[in-house]
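**Student:** First the structure, then my questions, so here it is.
The values are calculated or read from the model by the stated rules, or taken from the named source; none is laboratory data. Computed from a predicted structure; not experimentally measured. Note that we place each Cβ from the backbone using ideal geometry, even for glycine, and neighbour counts take in every protein chain shown.
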Amino acid sequence: MLRKLLTALVLVSMVAVFFALPVLAESLSGKVEVNSWWTAGGEAEGLNALIKIYESKYPDVEFINATVAGGAGTNAKAVFKTRMLGGDPPDTFQVHAGHELIDTWVVPGYVQPLTDLYKSEGWTNSMPQGVLDIVSYQGDYWSVPVNIHRSNVLWFNKTIFTKYEITPPSNFDQFFEVCDKLKAKGIVPFVMGTKEGWEAGHVFESVLLGKLGADDYKGLWTGEVKWSDPRVTDALETFAKIASYLNTDHSALTWDEAGQYLLKDKGAMMIMGDWTNGWFMSVGFEDYGWAPSPNTAGIFLALSDSFALPKGCKNQENVVAWLKVLGSKEGQYGFNKAKGSIPARTDVDISDYNDYLKSAAKDWQKDAISPSVVHGAAASEGWSTEYKDIISLFVSKPDVSYAQKALITAAEEYLKK
Amino acid sequence: MKIPTTRILIYLILVLFTVFYIIPMYIMILTGMKSFSEVGLSTMWNLPRSLNFESFRLAWLGSAKGGFRGLSGSFLNSLWLVIPATIISAIFGSLNGYVLTKWRFYGSDLIFTMILFGMFIPYQSIIIPLVLTLQKLHVYGTIPGLILVHVIYGIPISTLIFRNYYITVPTEMVEASKIDGANFLGIYRWIIFPLSTPGFAVAMIWQFTSIWNDFLFGLIVTPNPASQPITVALNNLAGSYIVQWNVQIAGALLTALPPILVYIFLGKFFLRGLMQGSLKG
Amino acid sequence: MRLKRDKLMPILFIMPSVITVGVFVYGFISWTGFISFTKWNDVLPNYTLIGFENYRKLFANMRFQIDLRNTLVFTVIFVISCLLIGLLLAIFLDQKIKSEGIFRNLFLLPMAISFVVSGVIWRWLFNPGSIQLGNIGVNQLFEKLGLNFLTCGWYTDPKIGIIAVAIAAIWQFSGYTMALYLAGLRGIPIELREASAIDGADKWQIFYYIIFPLLRPITFGAIIILGHISLKIFDLVVAMTGSGPAFSCDVPALFMYDTTFRGNHFAQGASIAIILLLLISLLIIPYLISTFRKEA
């Protein structure tokens, strides 16, 4: 009896120790410095949600939220790179999955592979192949994706559409019909903000996608389709035509300032990524509808924010713990709900997300996936920077043949590598 | 009474320009003191109804809830950076100025001109090698690294300031001491150095102001939040959508404060530095 | 023996500075120059030489063409305005003005402030407002004063963006130019003016024939200083506007930073830096040579 009791006791204590161990291992201390460009509205809230989870799990770690301001990470990327070159890497940093991750960080050998982490956390099963593809290179995984955004969304003001009996245009002919109709009514048909330089490139990638389709659009970035293709010319001409329907103050506005036109019922449509949904939520605007941008139904132009682990980071254990939070169900649920994007994991319960996100999650499962160029998925940073510059100039100087020539030259340079 | 009309006109124009120069300051101080309920952009020009220092508090401490960092840490970084860098570069400048005026040798004028050139270069033309070199020296991203950079690129201006100052010290004094048997270091220690206070004041105030106000080196060498100087932190704070504009403006005032205080209390030396920075002798 | 040591010591003491400047200025510039002839247009260094290819591409680049034009417009407006305002204020302050000290100190105050600070303030002052806010900043001030015709988009208007930046720079440096001129005026012996006045010259003639020629070296020096500041301008643009719509506020120094550290084009960035250095050298080297000759 006594022996039995003793054995039981030993067993119990062994089990207790077994369960206590991970708890012990979790008691981290020191610092962790997380670099991102999430400084606005919903995205900052999303980040805060993640920080809260991290801090409750590891109360002894000092969390340094090192954000660098600037839309689409324009300033942040330069800062991360200088630090990496100088040998003072942040503990972890935000990077768009895809070519931006692979070409800038993985190939030159600045970051550590995370394959073991993927296996131990079971992410290889909980993340879809489309996501795993854009974070892997030569058989290893290199960053932890937190979300999926869609780039090719046409947002519209429902009041205006109802008032003038307009249905969302599904191709460019319908789109221009709608534009003419609204223009005649004194409403700005299509709004855009071009202040930060990347916004025009963002709209144009949707136009390219609409003109070339999923496969040939991707072909532009892999070299299978030439930039001299007449459909590229067509896309540029179409974009120039779109630009003729714009709000005249576009160069003074950021994308969300331009979005004010929709809020005030003064503008009808805009093409912007689905962080717009998060922004609408944060300003309390509900009178909006959405559709795929013209001619891109069934295609999901995607981008994904992820975090990578630099070689030589100072607080390895604390960062790995952070990456685990990022990839966890709990983390992805909280982050994406606040930011207004869909989780990279497919097993997160999003039944209390808003309608747009639910529909986006559905599309994500069934649509053809194409990579966004402005947001780092389709091409290396050098190429996408050049692309952005060319299109940004094109808006103020719509010279189709010059722009196409410049795009061809850029493609030649980068495909050579 | 013909004269007064032109004089009134002169005063009028001077006052008009005064308005031009102080409007930004006025906005800066005014906005910082408004309470959050009255800081709307459309009431930018209205006077505050009551004194409130909440904007300064937020700009200084940041807000974890708002997701932005305050400037306090960077303010201290700038202080730790600017004090040693100022002192060291003044010492270099003093020695160089001494040699270049009292111990001229064949080629010393050429050397001076070559050093001076370093004052005018666009630093873009050296930043790529600079980052690579600092990495090799293992000081990239650290305050000592940034001090090193400021000392090095401060050599031309501090040399110029001291050289221009020592030219006014009579060479006869030095020559006489040489005859009396004083050597190079002795003359510096007993004759030149005791006379150098104004030179040090000008050089140090100049270096203090320009190192405090520097942005490019801070951005390139120490962008990490742990060691970034205040100008880099301010630019980041001001670029952030979530930070209200009154907090940004309060941050701007905090950043501007040390050089403004130096200007108010030591303006005479500051002005002298300005003149020398521009025109030789 | 002592003589020899006395010859050596000065050289020994100036050597550290000479070597440091030699390496960190001249060495690094050569290094950058070398990079600009290589293929290093990716993250990892690639020192394959490709001749002037980066320069050829640079001059074909529309953004760089815009930058050069912006730099020209900025420099001309900035330098000329500073000179004119500085001279005007200096002459006025030289008329035995009451509380001259207060005026002078206020005019010079902006000089003590960082470009980043002034960039932040002017960004808000020149913010054109929006459809919800209406006019704000300077535009609102104009509206209140009934000067509506003066309201405009400032740095958000591609046509005048760079001028808005120039105004902020003028705000910062015209007081300084004033101080230079004032020092120059004070350096002109009173007897000279009085003598001319006795000779029957009127005020304008005294200025034109006596004072302006004497101020010429100051104007020359001021052009050098202001000119090299305007070619290098970076901090102010970054803090105030960034590149601006369609690069209307963009300048070569910012393009260099972007190209190098954002676009990973190190060789291309190096070539921009070298062009920038050459432009500034065109201004500075004749100045340095002339002062060197004067000394020697």
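**Student:** Among the residues of the stretch A:260-269, which ones are closer than 22 Å to A:A338 by Cα and either surrounded by fewer than 24 Cβ atoms within 10 Å (Cβ to Cβ) or within 18 Å of the chain's Cα centre (by Cα) (or both)?
**Tutor:** Across the stretch A:260-269, the qualifying residues are A:Q260, A:L263.
**Student:** Additional query: Is it the case that the stretch B:145-166 has a residue that's outside any helix (DSSP H, G or I) and in contact (Cβ under 8 Å) with a residue 40 or more places away in the chain?
**Tutor:** No: zero hits.
**Student:** Is it the case that some residue within the stretch A:397-410 is assigned by TED's automatic domain parsing to the domain that holds A:K81, among the basic types (K, R) and surrounded by fewer than 21 Cβ atoms within 10 Å (Cβ to Cβ)?
**Tutor:** Quick first cut of the stretch A:397-410, residues assigned by TED's automatic domain parsing to the domain that holds A:K81 only: none.
No, there is no match, as no residue in the stretch A:397-410 is assigned by TED's automatic domain parsing to the domain that holds A:K81, among the basic types (K, R) and surrounded by fewer than 21 Cβ atoms within 10 Å (Cβ to Cβ).
**Student:** Moving to a separate point now. If B:I121 satisfies all but one of (1) within 7 Å of chain C (Cβ to nearest Cβ); (2) buried (at least 18 other Cβ atoms within 10 Å of the Cβ); (3) part of a helix (DSSP H, G or I), what's the number of the condition it fails?
**Tutor:** Failed condition: (3).
**Student:** Restricting to the stretch B:158-208, give me the number of residues that are over 14 Å from B:G93 (Cα atoms), buried (at least 21 other Cβ atoms within 10 Å of the Cβ) and of a type in the set (S, T, N, Q).
**Tutor:** Selection size over the stretch B:158-208: 0.
**Student:** Within the group B:T86, B:T43, which residue is modelled with pLDDT under 90 and not basic (K, R)? It would help to see each step written out before you state the result.
**Tutor:** Working: B:T86 fails: modelled with pLDDT under 90.
Going through B:T86, B:T43 in turn, just one is modelled with pLDDT under 90 and not basic (K, R): B:T43.
**Student:** On to the next question. Any residue at all in the stretch A:83-104 that is more than 21 Å from A:W275 (Cβ to Cβ), surrounded by fewer than 19 Cβ atoms within 10 Å (Cβ to Cβ) and modelled with pLDDT of 90 or more?
**Tutor:** No - not one qualifying residue is present in the stretch A:83-104.
**Student:** Residue under question is C:L214, and the condition is that it be within 11 Å of another protein chain (Cβ to nearest Cβ) and either modelled with pLDDT under 95 or assigned to a helix (DSSP H, G or I) (or both); does it hold? Talk me through it step by step, then tell me what you get.
**Tutor:** Details: within 11 Å of another protein chain (Cβ to nearest Cβ): no; either modelled with pLDDT under 95 or assigned to a helix (DSSP H, G or I) (or both): yes.
No, not satisfied.
**Student:** Within the stretch A:365-390, take every residue that is more than 19 Å from C:N264 (Cβ to Cβ) and among the aliphatic types (A, V, I, L, M) and give me the one that is nearest to the other protein chains (Cβ to nearest Cβ).
**Tutor:** A:I369
**Student:** Output the residue which, of all residues in the stretch A:154-175 that are more than 17 Å from A:E286 (Cβ to Cβ) and of a type in the set (A, V, I, L, M, F, W, C), is surrounded by the fewest Cβ atoms within 10 Å (Cβ to Cβ).
**Tutor:** A:I166
**Student:** Taking B:G67 and the conditions (1) more than 19 Å from B:N224 (Cβ to Cβ); (2) outside the structural domain of B:D214 (by TED's automatic domain parsing), which numbered condition does it fall short on, given that it satisfies the others?
**Tutor:** Result: B:G67 fails condition (1) only.
**Student:** Where in the stretch A:53-138 are there helices (runs of 4 or more DSSP H), lying fully within it, with 1 or more residues that are more than 13 Å from chain B (Cβ to nearest Cβ) and small (G, A, S)? Give the derivation first.
**Tutor:** On the way: elements: A:74-85, A:115-121, A:123-126, A:129-134.
In the stretch A:53-138, the matching helices (runs of 4 or more DSSP H) lie at A:115-121, A:123-126, A:129-134.
**Student:** Hey, another quick one. Within the stretch C:233-249, restricting attention to residues that are within 9 Å of chain A (Cβ to nearest Cβ) and assigned to a helix (DSSP H, G or I), which residue is surrounded by the most Cβ atoms within 10 Å (Cβ to Cβ)?
**Tutor:** C:P245
**Student:** Looking at B:I87, B:I22, which is the one that is at negative phi, outside the structural domain of B:K178 (by TED's automatic domain parsing) and β-branched (V, I, T)?
**Tutor:** B:I22
**Student:** Please indicate, with yes or no, whether at least one residue in the stretch C:75-86 is over 23 Å from C:S243 (Cβ atoms) and facing chain B (nearest Cβ under 9 Å).
**Tutor:** yes
**Student:** If the requirement is being assigned to a helix (DSSP H, G or I) and away from chain A (no Cβ under 13 Å), which of these qualifies: C:L276, C:L254? Write out each step before concluding.
**Tutor:** Working: C:L254 fails: away from chain A (no Cβ under 13 Å).
Being assigned to a helix (DSSP H, G or I) and away from chain A (no Cβ under 13 Å) holds for just one of C:L276, C:L254, which is C:L276.
**Student:** Shifting gears a bit: Please specify each residue of the stretch B:94-118 satisfying the condition of being more than 9 Å from chain C (Cβ to nearest Cβ) and in a helix (DSSP H, G or I). Write out each step before concluding.
**Tutor:** Looking only at the stretch B:94-118, we keep the residues that are more than 9 Å from chain C (Cβ to nearest Cβ), and these are B:94, B:97, B:101, B:106-107.
Within the stretch B:94-118, B:S94, B:G97, B:T101 meet the criteria.
**Student:** Could I ask something else about it? Quick test for you: out of A:N336, A:N295, pick the one residue that is crowded, with 22+ Cβ neighbours inside 10 Å and either among the acidic types (D, E) or on the phi > 0 side of the Ramachandran plot (or both).
**Tutor:** Answer to the selection: A:N295.
**Student:** A further question follows. Looking for whichever is farther than 30 Å from A:V131 by Cβ, in a helix (DSSP H, G or I) and not hydrophobic (A, V, I, L, M, F, W, C) here; the options are A:E205, A:E257. Which one fits?
**Tutor:** Every option except A:E257 fails the conditions.
**Student:** Collect the residues in the stretch B:9-32 that are farther than 30 Å from B:N52 by Cα and buried (at least 20 other Cβ atoms within 10 Å of the Cβ), keeping them in residue-number order.
**Tutor:** The answer is B:L14, and nothing else.
**Student:** Taking only pairs six or more apart or across chains, which ones have beta-carbon atoms under 7 Å, a first residue in the stretch A:103-117 that is more than 10 Å from A:W142 (Cβ to Cβ), and a second residue that is β-branched (V, I, T)?
**Tutor:** Matching pairs, first to second residue: A:T104/C:V43; A:P108/C:V43; A:L117/A:V320.
**Student:** Here is a follow-up. Can you pull out every residue in the stretch A:27-52 that is of a type in the set (D, E, K, R) and in a helix (DSSP H, G or I)?
**Tutor:** A:E43, A:E45, A:K52
**Student:** With respect to A:E224, is the statement that it is more than 30 Å from A:T409 (Cα to Cα) and free of Cβ contacts under 8 Å to residues at least 60 places away in the same chain true?
**Tutor:** Here the answer is no, as A:E224 does not meet what is asked.
**Student:** Hey, another quick one. Condition (residue is closer than 18 Å to A:S304 by Cα and not assigned by TED's automatic domain parsing to the domain that holds A:T254) applied to the stretch A:81-91: is it met by at least one residue? Quick ask: steps written out before the conclusion?
**Tutor:** Restricting attention to the stretch A:81-91, the residues satisfying the condition of being closer than 18 Å to A:S304 by Cα are none.
No, the stretch A:81-91 contains no residue that is closer than 18 Å to A:S304 by Cα and not assigned by TED's automatic domain parsing to the domain that holds A:T254.
**Student:** Pick out the one residue from C:M9, C:M15 that is closer than 30 Å to B:S158 by Cα and at the interface with another protein chain (Cβ under 7 Å from one of its Cβ atoms).
**Tutor:** C:M9
**Student:** Which is over 30 Å from C:I162 (Cβ atoms), touching a strand residue (DSSP E or B) at 6+ places or on another chain (Cβ under 6 Å), touching a residue at least 24 places away in the same chain (Cβ under 8 Å) and assigned to a helix (DSSP H, G or I), of A:A214, A:A235, A:A268?
**Tutor:** A:A214
**Student:** Specify which of the listed residues (A:N247, A:N277) is more than 24 Å from A:S380 (Cβ to Cβ), touching a helix residue (DSSP H, G or I) at 6+ places or on another chain (Cβ under 7 Å) and free of Cβ contacts under 8 Å to residues at least 60 places away in the same chain.
**Tutor:** Result of the check over A:N247, A:N277: A:N247.
**Student:** What number of residues within the stretch A:362-414 are aliphatic (A, V, I, L, M) and part of a helix (DSSP H, G or I)?
**Tutor:** Of the residues in the stretch A:362-414, 11 are aliphatic (A, V, I, L, M) and part of a helix (DSSP H, G or I).
**Student:** Does any residue in the stretch B:19-42 that is under 14 Å from C:P110 (Cβ atoms) come within less than 8 Å, Cβ to Cβ, of a residue that is polar (S, T, N, Q) six or more places away or on a different chain, and which pairs are these?
**Tutor:** B:P24/C:S118
**Student:** With the requirement that a residue be buried (at least 24 other Cβ atoms within 10 Å of the Cβ) and either out of contact with any Ser or Thr (no Cβ under 7 Å at 6 or more places or on another chain) or in a loop (DSSP other than H, G, I, E, B) (or both), what does the stretch B:217-231 give you?
**Tutor:** Correct list: B:L219, B:V221, B:T222, B:P223, B:Q228, B:P229.
**Student:** Now for a separate question. Kindly indicate the residue of the stretch B:172-214 that is charged (D, E, K, R) and not in a helix (DSSP H, G or I) and also nearest to the chain's Cα centre (by Cα) among those meeting that condition.
**Tutor:** Selected residue: B:D214.
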